[in-house]
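Everything below concerns the one structure shown next.
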Amino acid sequence: MASSSSYRHAATASASVPQARLSHLLLLFALCLLLVAIPAQAAQKSILLLSSGSAKVYQRVSSSIGASLQRLCSSADRPGCAEYRILESTLDGDDTETSTDATRWNLVVTIGVKAANHANKRFPAAARLYTLIPKSSTADLGLESAAGSASAIYLDQPITRQLNLIKLAMAGDIRIGALLGPTTDHLRSLVEMASSSLNLTTHIESVANDDEIGPALRRTLDESDILLALPDPLIYNQKTIFNILLSSYHNRIPVVGFSASYVRAGAMLAVYSNPDDIGMQIAEVVESYLAGAEKLPRPQFPKYFSIEINRSVSRSLGINLPDERQLTKSLKSLEGR
Amino acid sequence: MRNDTERAIPESGPGKVGCPKNRALLLSAMVVASALAAPFSQAQEGVSEDYFFADVPIVLSVTRLQQPLTATPASVSVIDRKMIRASGATSIPDLLRHVPGFQVAYVTGKRAAVTAHGRGDEYARDMQVTIDGRSIYDPVFGGVSWQDLQLDIDSIQRIEVVRGPNAASHGSNSFAGVINIITEHPAAQPGLLAKTLVGEGGERSLYGRYAGSAGGLDYRIAVGHNESDGFDSREDDESTDWISLRGDLQADPRNTLMLQLGYSNGPREEGFYDDVLQPVRNVDHINHYQQLRWNRLLSTDEELQLQLYHNFQRKDDHFQVELPVLVEGGFGFDSHRYDLELQYSNRIDSGLRLAAGVGARYESAEGFWTFAGERHTRRQYRLFANIEWELERGTIFNLGGMYEAYQGKRGLFSPRFALNHRLNDNNTLRFVASRAYRMPTLWEDHANLIAYLASNKMPLDYVFRSIEDLEAEEITSFEIGYLGNFPQLGMQLDARIFKERISEIIANITDDNILGPLNLDPGAQSYANNGKVYITGLELELNYRPVSRALIHMGYSLTNVYGEQLRHIYDDGTRRYLDLDSSVPQQTFSLLGSYRFGGGFEISSAYHYVDPMEWLYDGDYIPVQKRWDLRIAKSIRQANSDLDLELLFQNIDGEDIDFYNSPDRNQINLSDRRLMFRATLRFH
């Protein structure tokens, strides 16, 4: 915890005082030369932590990784921890040339889609762990062909977790409504199968363009008890969210969102992984890699998650929800944890 | 330069190599983005992580959220879209028949009077009615001119009916109840819709609306034309044309603006042959309004709302009667209402909510016929606060009050105290005590209707003349309510027993001591605070939706009334009182059932029963009313549109008498069977 706040402090200070920044850079450059000059120990692993930008969310992920690694490594039975160094770097979209040797990294951990695409091109030789990345954006990263040397920790939640949450939150026979767009349409059979294995029924509408959202939403609200929002920008965006949240509420249909801001906006609840959750999981994968795992694990959904509830909405809809901690606990135990 | 922010994660753990303990290993962060120049990021079509972390404007803000029924300080009936659709109703008053304790009469074919717990006349004045927070209560005659609304039921999102006095939050005139009509947000009904209805009784109506968006603005424009021949037994043809506009602008995540405009006009036939006070004639109505509302979110739990609106109403109503000289008179007038209100809402913590505000209102009325050419105005200033306080889990206090200062009247304070106690997840008890007032209407305060000699407008006789300084009518109400909420069964049951005491009744009297200008015919109609009535009763409402395709709604009321009000002061000073015992029907019952079959077929049916009751003044004693409606509907989905076809059978069980029942004078409203066909085409 202490370390994460000190990073933020350093970042803020350097951004606000350009002169100091320059001298820092010189110092860094010197250090860099020094490091390159000293031959690295044979067993030492170099890890590059590449963020897509300098936004707060990336900073939170990386400080969470730092804190979690520190915690993991402080226990005595983690020998791998001693043998690594990590460089953090940020990709902000400028075409600044890099002077760092692309081949010197054993493991590249990317945070965000942009960094993932960058690393995929630039560091093909290194093991790559793509994180903070929606599953829909991993199609071009060759995760299948590079299994073992490339993997991902998705940002989206597994369908079953969301369905379990609905089962825990709502009483009775629940019919789940969902609108699927181009990004999520392939999930249809998955949603149907997972639902039926949990004795839930579904009403799913596919939407190909934004004209179809209105009527599909009306039909879905007519036929469902709860609306499961799956991350699809065609359907859920700044333009449509007003109609979706308002119409659902007026039909007394609660919405399960996919982020905390959807809950603030008016969804009743959401299970999502925040940067800290993702950071913890990254640290675990990195730690096992350091501990000698030759290969990266298969791409995985977030292991840690948070639940957010809009109490004003649930109260207004007359739905009594258990508290977040209770729901998290029940959800974990349903997942066998 | 900006992008190479460099931070390092400190190596940790025992026995670190390379760098001193706990010291960050710093490296230059020049790794960055050269390769970004390559175009692969444009090829990427998946979702960015930003999508998961982006801020979304708050849609369901404090003022948009309804208080859950378990916490409301009153029995609230909610008529939602599903119920509106299932009911097959073609007008708002027909929808309100489903509310327990409500009575609806048609004075002419389309001019409705809606009252709660009887005591109604053609201008049933006992309820406040709002559309999106704009009061449409007629400041001149009271009640609501339902036929003049610039609104089709298609655009109603829901109607919330608060049963019992609710002046603590809605001010005076929220006497026997409040009807809040909430229209759809334009964003919720994008596209074009056209609807037509044709039917027996000369029913013809056309309606169209378009809702769209541009930038942060969602808008709807709607137009309508309604025509009806009214009752077969009456000269009451009418038609109305209207247009309305609503725009909602999300200026930024914190600020929204709503603008509404509407205009309607149309001729209405009124009156009876051989009635000198109400001869057959054509009355022209013009109504328009402008409303502007600004909402500012101060935080997720805190909101400010500022609202300004103006209503204009014109009734052009005057007539000549041969008596045998040609005499002229009328009920026409112009009126305005301006209203400004600032409201602050705050969810202070999970157990404490506050809504408070200040407002000002200005009303004016003038008319040659009704006010002898004078202009009457009334200013009101108000201050209100309502607190919902969950003292302990499941025990909620609602404390509220409004103070209104009226020009030329004493100030009114309307308090309300309610305690909701949740026995368990399914059962809640409610105890409410409240007081409310009904201000005299401008007409009751200032009526000055004179019969003139048509040739030179010489005053001949006073027909209506207010001579007293009237005070507000007062109601005190106590109720014990029960709310059963069984979401697993899809069932909700509301029951309440209540006792209401109404005093200082503003009575319409005939005073023989009012002498006319020529003393031709002593006596005139007037108004006086004189009367008291006690109403006790029971109301039940059941909502049952076991599956989303099925809907059952039931309402029942049982009332017992005693009381009287002054009716006539004779020239010798003796007084006659009007017995109010029969002005409230003893029992009313309504049932609505609907089921949606596969293939887009839906059948629904509604039944209403009202015990005999007396409609006051112009109205008559009406025997039992039974009405049975049936609706058969078919939805056809097409690629770019949905088509709804509906057959509506109204009043299948045959003729009923409504409001007027004086066959001897040839004044009777007979509502007959009506078959109608309605088609709604909605383009995506």
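Every number here is computed from the coordinates shown, using simple stated rules; none is lab data. Worth saying up front: this structure is predicted, and the values here are computed from it rather than measured. Don't worry about glycine lacking a Cβ; one is built from the backbone with ideal geometry, like all the others, and counts go over all protein chains shown.
What the table shows:
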| item | result |
| --- | --- |
| Environment charge of B:R209, counting only residues whose C-beta is closer than 12 Å and scoring Lys/Arg +1, Asp/Glu -1 | +1 |
| Net charge contributed by nearby residues that have their C-beta within less than 9 Å of A:P134 (K/R +1, D/E -1) | -1 |
| Positive dipole terminus of segment B:75-683, leading residue within B:V178, B:S594, B:T377 (C-beta point charges) | B:S594 |
| Rounded if a/c under 1.5, otherwise prolate or oblate - chain B, Cα gyration tensor axes | prolate |
| Amide N proximity, segment A:148-175 versus B:A54 label position 7 Å along Cα-to-Cβ, cut-off under 20 Å | A:155-157 |
| Dipole of segment B:75-683, positive direction: furthest Cα of B:L578, B:A194, B:V533, with charges on the beta-carbon | B:A194 |
| Contact order normalised by residue count of chain B, Cα under 8 Å, 6+ apart, percent | 11 |
| Segment A:264-337-segment B:396-465 distance, computed between alpha-carbon centres (Å) | 54 |
| Cβ neighbours within 10 Å from other chains - mean over B:59-72 | 5 |
| Computed E for B:L423/A:K56 - FRET, C-beta separation, R0 51 angstrom, nearest 0.05 | 0.65 |
| Packing-based exposure ordering (other Cβ within 10 Å, fewest first) of A:S196, B:S233, A:S63, B:S503 | A:S196, B:S503, B:S233, A:S63 |
| Inter-label distance, nm, simple model (7 Å from Cα along the C-beta direction), B:R204/B:S582 | 4.1 |
| Proximal charge balance of B:T256 [Cβ under 14 Å; K/R count +1, D/E count -1] | 0 |
| Within segment B:75-683: Cβ-based charge dipole about Cα centre, in debye rounded to nearest 20 (Lys, Arg +1; Asp, Glu -1) | 2420 |
| Residues of segment B:378-402 with amide N under 14 Å of the 7 Å Cα→Cβ point at B:A360 | B:378-383 |
| Computed lengthening from A:A291 to A:K239, 0.36 nm per intervening residue step minus Cα-Cα distance | 14.0 nm |
| Estimated FRET transfer efficiency when R0 is 56 angstrom, pair B:Y344-B:V547 (beta carbons, to 0.05) | 0.85 |
| At R0 = 60 Å, FRET efficiency that the Cβ-Cβ distance of B:E471 and A:D140 yields, to 0.05 | 0.15 |
| Neighbour-count ranking [beta-carbon atoms within 10 angstrom, fewest first] of B:T370, A:T201 | A:T201, B:T370 |
| Taking A:D210, B:D629 and counting other C-beta atoms within 10 Å, the order from fewest to most | A:D210, B:D629 |
